[in-house]
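Asks: What follows is a structure written as structure tokens; I'll ask about it next.
The values are calculated or read from the model by the stated rules, or taken from the named source; none is laboratory data. Since we're looking at a predicted model, the values are computed, not measured. No Cβ is skipped: glycine too gets one built from the backbone with ideal geometry, and neighbour counts run over all protein chains shown.
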Amino acid sequence: MQDNIRIRLALVDDAETIHAGLRDMAAGMKAGPKFVSTVEDIRHHGFGAVAAFEVLLAEADNAFAGLCLTFASFSTWMGTPGIYVQDLFVADAFRGRRIGERLLHAAARRGREKGARYMRLSVDVENPRAQAFYDRIGIRHSRDELIHMIKGADFDAFAGEDTA
């Protein structure tokens, strides 16, 4: 029954819950060793005057059911702000209750209230279940672009920092 599902904006006191959900998501994707973020990272970067992201939490029967972590984005080509969904996670016990879809709709509404006119996200290439989910709810794969990334020591070197 969906009527007992509540979606709310996360508070700093939710940092441990957010971190645990992200850790569980990484473990479920068999990417646990890649997950190095800490609860303090979530607290420091997600809350305060200049937060790097925000999180919507889903709760069912007062238990954590899922999360959607987003941050602001801007398209120079469209000339409009948007939101980027970095992480969407639904706990196993709550799957099949459309919580992921509800979180995304809530994130889109929240983004629209702030002026966003699009939503963007990326999906792990080895996660066909998530790819099918996004397709089913109308969020299509963009064939117009590929994501590129540089990180860690390579990023530091690229940015001109001495990493020694």
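Asks: Only one of these is modelled with pLDDT under 95, among the hydrophobic types (A, V, I, L, M, F, W, C) and part of a helix (DSSP H, G or I): A27, A20, A49. Name it.
Replies: Among A27, A20, A49, only A27 is modelled with pLDDT under 95, among the hydrophobic types (A, V, I, L, M, F, W, C) and part of a helix (DSSP H, G or I).
Asks: Could you please tell me which pairs satisfy a Cβ distance under 7 Å, a separation of 6+ or placement on different chains, a first residue in region 132-150 that is over 14 Å from L121 (Cβ atoms), and a second residue that is surrounded by 10 or more Cβ atoms within 10 Å (Cβ to Cβ)?
Replies: Note: pairs meeting the criteria are I150/F158.
Asks: List the number of the failed condition for D135; all other conditions in (1) part of a loop (DSSP other than H, G, I, E, B); (2) surrounded by fewer than 15 Cβ atoms within 10 Å (Cβ to Cβ) hold.
Replies: (1)
Yes or no, residue by residue, for (1) loosely packed, with under 12 Cβ neighbours inside 10 Å; (2) farther than 20 Å from R109 by Cβ; (3) small (G, A, S):
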| position | (1), (2), (3) |
| --- | --- |
| H19 | no, yes, no |
| M29 | no, yes, no |
| K34 | yes, yes, no |
| V39 | no, yes, no |
| F53 | no, no, no |
| A58 | no, no, yes |
| S73 | no, no, yes |
| M78 | yes, no, no |
| F94 | no, yes, no |
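Asks: Then there's this: Restricting to region 1-17, count the residues that are in contact with a helix residue (DSSP H, G or I) (Cβ under 9 Å, 6 or more places away or on another chain) and part of a loop (DSSP other than H, G, I, E, B).
Replies: The number of residues fulfilling the criteria is 1.
Asks: Every residue in region 5-17 that is under 15 Å from the mean Cα position of the chain (by Cα) and surrounded by fewer than 13 Cβ atoms within 10 Å (Cβ to Cβ), please.
Replies: Once the filter is applied, which keeps residues that are under 15 Å from the mean Cα position of the chain (by Cα) and surrounded by fewer than 13 Cβ atoms within 10 Å (Cβ to Cβ), region 5-17 yields R8, L9.
Asks: Checking the condition outside any helix (DSSP H, G or I), over 18 Å from the mean Cα position of the chain (by Cα) and either modelled with pLDDT of 95 or more or not charged (D, E, K, R) (or both), which residue from L67, L56, L88, L146 passes?
Replies: Exactly one of L67, L56, L88, L146 is outside any helix (DSSP H, G or I), over 18 Å from the mean Cα position of the chain (by Cα) and either modelled with pLDDT of 95 or more or not charged (D, E, K, R) (or both), namely L146.
Asks: A further question follows. Taking region 149-162, which residues are among the aliphatic types (A, V, I, L, M), surrounded by 10 or more Cβ atoms within 10 Å (Cβ to Cβ) and not in a helix (DSSP H, G or I)?
Replies: Hit for region 149-162 is I150, nothing else.
Asks: If a residue has to be surrounded by fewer than 19 Cβ atoms within 10 Å (Cβ to Cβ) and either of a type in the set (F, W, Y) or without any contact (Cβ under 8 Å) to a residue 60 or more places away in the chain (or both) to count, how many in region 96-108 make the cut? Walk me through it before giving the result.
Replies: Filtering region 96-108 down to residues surrounded by fewer than 19 Cβ atoms within 10 Å (Cβ to Cβ) leaves 96-98, 101, 105-106.
In the following step, the residues that additionally are either of a type in the set (F, W, Y) or without any contact (Cβ under 8 Å) to a residue 60 or more places away in the chain (or both) were identified as 96, 101, 105.
The qualifying residues number 3.
Asks: Looking at the structure I just gave you, is F35 out of contact with any strand residue (DSSP E or B) (no Cβ under 7 Å at 6 or more places or on another chain), aromatic (F, W, Y) and more than 25 Å from V125 (Cα to Cα)?
Replies: no
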